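Shown next, in structure tokens, is the structure this report addresses.
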Amino acid sequence: GQIIMSEVKERVQALREKMKEQNISVYIVPTADYHESEYVSDYFKARKYITGFTGSAGTAVITEDRAGLWTDGRYYIQAERQLEGSGIELFRAGMEGVATIREYVKEHLKAGTCLGFDGRTMNAAAGEDYQKLAESCHASLVTDEDLVGDIWEERPEFPVHGAFVLEEKYAGESAVHKLARVREKMQEYGARWHVLSSLCDIAWLLNIRGGDIPHVPVVMSYLLMNETTCLWYVKPEVFSVTELVYGKEKTQKIFENLREAGVSIRDYADFYWELEAIPKGDTVLLEKAKVNLQILQSIPKGAVIVDKSNPEELMKAIKNETELENIRKAHVKDGVAMTKFCYWLKNNVGKEKITEWSASEYLEGLRREQGCLDISFDTISAWGPNAAMMHYAPSEEYEVVLPQEGFLLVDSGGHYLEGSTDVTRNIVLGTLTQEEKEMFTAVTRANLNLANARFLYGCCGQNLDILARGPLWQLGLDYRCGTGHGNGYLLNVHEGPNGFRWKIVPERTDNGKLEEGMVTTDEPGVYVEGKYGIRIESELICKKWQKNEYGQFMEFENITYVPIDLDAILPEEMTGTERKYLNEYHHMVYDTVEPYLTDAEREWLKDATREI
């Protein structure tokens, strides 16, 4: 529901009262749970509560007389609308001349006062940085207060949903084996202990999935391990809920699997004080950017911290043969749902009332028919100008009826036992302008050029990003986001360390090499405020190509089987090679999806994938 601006003002006022009591002159509210998750459950949406801005990324900073919200390029337009009249200023993070959060804090933090935030929702790397900043301003840090929580009257429940074992026929590797691999890495780093709090890494490591974050099948938990023991800290209620949701056998299966892997279950609430028992002088492996400040502060001062990327991150990014086989199957199911959707939409728009929202609901229904467990993120279904907002979400309340003109941009995906999918297509609803066709053709070329890349082993996403941006930069255009991201296996659809982007951003320091078995999205776009948004997104598996005197060459396998709308393509704007890429791609889409369609759908697809 919409948050009323007068309410936001009252909340900010109430927060300021609490700040005064603690002598806090600046209070930071990040978008985070205790695990540094990208998406958070409703219980943790403190930043949304205090600002009224509903996007998935952003940080609020409240001072005695001012308030600001920082968010990235995906959300500028949305944030501007949602903050209107709230008295909260929008800071467009990353734009030229815009103060960073750090600069803003430095400017407003008064000597002799405190800088405050909830230490469980601030990552340790940033937390240490703020510690230094506070000292340089002759101020101190207050991190043991959840001030927003203190004023939040009807706060949603802390998430506790059921959990289930991801069987080896899907995971392709046992938890026993994964733990052994992590212990090898610990030895390599000379670490006796390893602290893990990132939920997707824990889910991957233990082969357990849950439902504690909307559309991210994880279990709220922490993990602490050494060379012999592994402790999993989880709310005890999880198991009673599991029994309710999945039955007794599934609950037993969890206990059996954990026993087999030598994992002991502990209470979620005991984690911080049990960390205090780590012997002084012991070495602890953790990633400061992925654990919260309170975790770091709970480890005894005498312990040696090895701050490295969690070894699980790279391990889970490189999918094994079983996972890859499954992921291809998931994409076939998903491609069938998407193709049926394109057929339905193009044949019925203008004949019956279809809205952005009802279209997204219809698509979800088609996915469920294919065995989808849940959508993998909130579907973006955006017509015309709405599509210029990269992360626009349709709603039932604001009806946008689809006309027979322009595009519907649909960015969506599903979680299957065989893996997670993420695909975007612009579907032509009727008449288009010449400019829309030119832009759509440029984005198609961008997508195809990257998908067909061949490159030497050792390249990272940064080396290849220009292949996608090239056709747009040539026109003096760009898009304010990365070109692609790694994708999890029945986990978060955004996963590191792989990705395609041209600049190094602080949160992606480790712009890793592209390894065989990595799955990365390819999603260039063009967004023109007030007019249209175009994005074509497919997923690519990285694999070996040929080896010769120059080294090992790599290439991609495109595993998204959904037609690219030829009604918006200007063939004369494409090179012969690019037309060949598109024809080959469409040939593959037809062959893959055709067996699962009705006769009418098959006839339509034959035309939709015709050679140009």
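The values are calculated or read from the model by the stated rules, or taken from the named source; none is laboratory data. Keep in mind that this is a model prediction, so the values were computed, not measured. Heads up, the Cβs are rebuilt from the backbone with ideal geometry, glycines too, and the neighbour counts pull from every protein chain shown. Ligands, DNA and RNA are excluded from the accessible area calculation, which covers all protein heavy atoms including side chains. Shrake-Rupley method; radii C 1.70, N 1.55, O 1.52, S 1.80 Å.
One table, with the values for the structure above:
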read-out	value
Between helix 599-608 and the chain: long-axis angle, C-alpha atoms, 0 to 90°, nearest 10	90
Unsatisfied cross-links (Cα-Cα over 19 Å) in the set K513/K580; K9/K45; K513/K544; K185/K503; K437/K531	K513/K580; K185/K503
Calculated log₁₀ intensity ratio I(q)/I(0) where the Debye formula runs over C-alpha points of region 368-440, q = 0.17 Å⁻¹	-0.72
Full-stretch length increase - E438, N226 - with 0.36 nm per residue and alpha-carbon distance subtracted	70.6 nm
Rg in Å to one decimal, and Dmax rounded to a whole Å, for the chain via C-alpha atoms	24.7, 75
Region 49-63 versus region 401-477: alpha-carbon centroid distance in Å	30
Bins of 10 Å from zero: percent of alpha-carbon pairs in region 252-355	11, 20, 24, 17, 14, 10, 3, 0
Cross-link partners of K329 among lysines (Cα-Cα below 20 Å; sequence separation of 8 or more within a chain)	K169, K316, K319, K340, K543
Sites matching GluC sites (Glu not before Pro) across region 157-216 that sit in DSSP coil, with at most 13 neighbouring C-beta atoms within 10 Å	E157, E167
Accessible area of the chain belonging to carbon and sulfur atoms, whole % at 1.4 Å probe	48
Folded to 0 to 90 degrees: helix 321-348 orientation relative to the chain principal axis, Cα	60
Positive minus negative residues near D522 (Lys, Arg vs Asp, Glu; Cβ under 10 Å)	-3
Between helix 461-473 and the chain: long-axis angle, C-alpha atoms, 0 to 90°, nearest 10	50
Cα-only radius of gyration and Dmax that characterise region 338-406, units Å	12.1, 33
Mean separation of Cα contacts under 8 Å, 6 or more apart, over the residue count of region 406-496: relative contact order %	29
The chain, relative contact order [Cα under 8 Å, separation at least 6], %	11
Relative contact order of region 1-123, defined on C-alpha pairs under 8 angstrom at six or more residues apart (%)	31
Positive-end residue, the chain charge dipole about Cα centroid, Cβ charges, pick of H177, L244, L345	H177
Solvent-accessible surface ranking, highest first, for V332, V8 at 1.4 angstrom	V332, V8
Among 293-299, 432-438, the order from most to least packed when residues are scored by Cβ within 10 Å on average	293-299, 432-438
Rounded to the nearest 20 debye, dipole of region 75-147 from Cβ charges on Lys, Arg, Asp, Glu	120
Translational diffusion coefficient (Stokes-Einstein; Kirkwood radius from C-alpha pairs) of region 513-612 at 25 °C, 0.890 mPa s, in µm²/s	154
Accessible solvent surface per residue of the chain, calculated while the other protein chains remain in place, 1.4 angstrom probe, Å²	41
Isotropic mean projected area of the C-alpha convex hull, region 1-126 (nm²)	7.9
CD proxy at 222 nm, helix term only [per DSSP H run n ≥ 4: -39500 (n - 2.57); per residue of the chain; nearest 500]	-11000 deg cm²/dmol
Rounded to 5, percent antiparallel among DSSP beta bridges of the chain	75
Ordering of 95-101, 63-69 by burial proxy (mean other Cβ atoms within 10 Å per residue, highest first)	63-69, 95-101
When the convex hull of its Cα atoms is projected in every direction, mean area for region 454-532 (nm²)	6.5
